[in-house]
There are 2 protein chains.
Amino acid sequence: MPKLDLSKAPVKTGSVYPEPYASQMVGRSSQRLGEQAGLTQFGVNIITLEPGAVASLRHWHLREDEFAMVLEGALTLVEDDGEAEMQPGDCAAWKAGVANGHRFVNRSEALARFLVVGTKVEEDVCTYVDVDMKVHISGAQNTFTYHDGSDWAGPRDLPSGGN
Amino acid sequence: MPKLDLSKAPVKTGSVYPEPYASQMVGRSSQRLGEQAGLTQFGVNIITLEPGAVASLRHWHLREDEFAMVLEGALTLVEDDGEAEMQPGDCAAWKAGVANGHRFVNRSEALARFLVVGTKVEEDVCTYVDVDMKVHISGAQNTFTYHDGSDWAGPRDLPSGGN
């Protein structure tokens, strides 16, 4: 039966980010429901954030549509043009290629969860807007660079005047 | 801000099915959140079912992955191999091309809602397993045929021994 047994979806912690950013993801975990169901066209994850945790660096995708719905607790959505408080049932979506860096932050005292859906594309670029880093995704391979495309070799200041 | 205002997502009733099946969808309505947000790679809809309503004919997609999460109320998921009772938070998913006809039915006395995500593909075939009909989807065009591919011209009995 395609009804999913969420208790059997592995809980994944850790981060694909290099340090020092990986350590900033402490308190975040995810369950990959789409993979559990054998879906290949889009990913469906439930992200759990402990109090104080963040879901990601603030980012946007070049080729991947994203959709999120808050399931539990209270989350703050942080974007280029401000912040929005979100409750269970609240939804947000980001069209591929729109350069609006976004992330969820749990500023509450309780655990929070959200569902996130993203297209699985063979080639993508994800740009982090608060740090000088982006990742080039090709199949299962992630290659981190600075915004100017040169190899990433540790944190450095963003160029003044923009990112 | 990409936070969606669900109160502004148009509520759509009616059905693309020909009669007599369209009338069987009374009590079903949908909100197209993905389109409201400008997403093009997958659709995200919230389907509302009044007591007694069904979400669709029982069906499966040839080329489109599907994912659903119950948001409110109680729903019954009906599939080839039986039924599952589903509560808010319960999820189900169907990989493209797996011939397992499925639909949600609201057998409760209260309104129920679920979120459904499906890949937007240019060409698809959706097969209805309880009636002799399938639909060939090409862009925005729907062409209904019998299971044998001949033009649909009204309900007829399923061939004995299978569909």
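Just a few scattered comments:
- B:Leu4 long-range amide H proximity, modeled H, under 5 Å: A:Cys91, A:Ala92, A:Ala93
- Dimensions in Å of the range B:67-114 - Rg and Dmax from alpha carbons: 10.8, 34
- Taking Lys and Arg as +1 and Asp and Glu as -1, the other residues whose beta-carbon sits under 15 Å from that of A:His59 total -2.
- Charge sum, other residues only, whose C-beta stays under 14 Å from A:Phe144's C-beta, Lys/Arg counted +1 and Asp/Glu -1: -3
- Averaging 1/r over each pair of different alpha-carbon atoms in the range A:10-121 and inverting the result gives 14.2 Å, the Kirkwood hydrodynamic radius.
- The range B:31-95: C-alpha pair distances exceeding 14 Å, %: 66 percent
- Panel note: contact residues of the range A:2-21 (accessible area lowered by at least 50 Å² against the chain on its own; 1.4 Å probe) correspond to A:Pro2, A:Lys3.
- Near B:Lys120, the amide H atoms lying under 5 Å from its own belong to B:Phe42, B:Gly43; only residues 5 or more places off or on other chains count, and H is placed 1.01 Å from N.
- Portion, in percent, of the accessible area of the protein assembly as shown that falls on carbon or sulfur, probe 1.4 Å: 50 percent
- Calculated FRET efficiency for the pair A:Gln87/B:Gln87, C-beta based, R₀ 22 Å, to 0.05: 0.65
- Inter-chain Cβ neighbour average for residues A:88-99, partner chain, 10 Å: 5
- Dipole orientation for the range A:15-104: of the candidates A:Ala84, A:Ile46, A:Asn100, A:Ile46 has the Cα lying most toward the positive pole (charges on Cβ; Lys, Arg +1; Asp, Glu -1).
- Using a cutoff of 8 angstrom between alpha carbon atoms and counting only pairs six or more residues apart, the relative contact order for chain A works out to 21 percent.
- Residues in the range A:36-83 that, when all protein chains are in place, have 50 Å² or more less accessible area than the chain alone would give (probe 1.4 Å): A:Leu39, A:Gln41, A:Phe42, A:Asp65, A:Phe67, A:Met69
- Largest-first principal axis extents of the Cα set of the protein assembly as shown (Å): 70, 39, 37
- Each chain gives up part of its surface: B and A jointly bury about 3100 Å² of accessible area, both sides summed, for a 1.4 Å probe.
- Loop GluC sites (Glu not before Pro), the range B:17-112, which have at most 10 other Cβ atoms in a 10 Å radius of their Cβ (DSSP): B:Glu109
- Taken one residue at a time, the phi angles of the range A:67-80 give Karplus couplings (6.51, -1.76, 1.60, θ = phi - 60°) of 9, 9, 9, 6, 10, 7, x, 10, 10, 10, 8, 10, 9, 3 Hz. Gly and Pro are set to x.
- Average accessible surface area per residue within the range B:10-121, 1.4 Å rolling probe, Å²: 40 Å²
The values are calculated or read from the model by the stated rules, or taken from the named source; none is laboratory data. Given the structure is predicted, the values throughout are model-derived calculations rather than measurements. Here Cβ is always computed from backbone atoms with ideal geometry, including for glycine, and neighbour counts include all displayed protein chains. Surface accessibility is based on the protein's heavy atoms, side chains included, excluding ligands, DNA and RNA. Shrake-Rupley method; radii C 1.70, N 1.55, O 1.52, S 1.80 Å.
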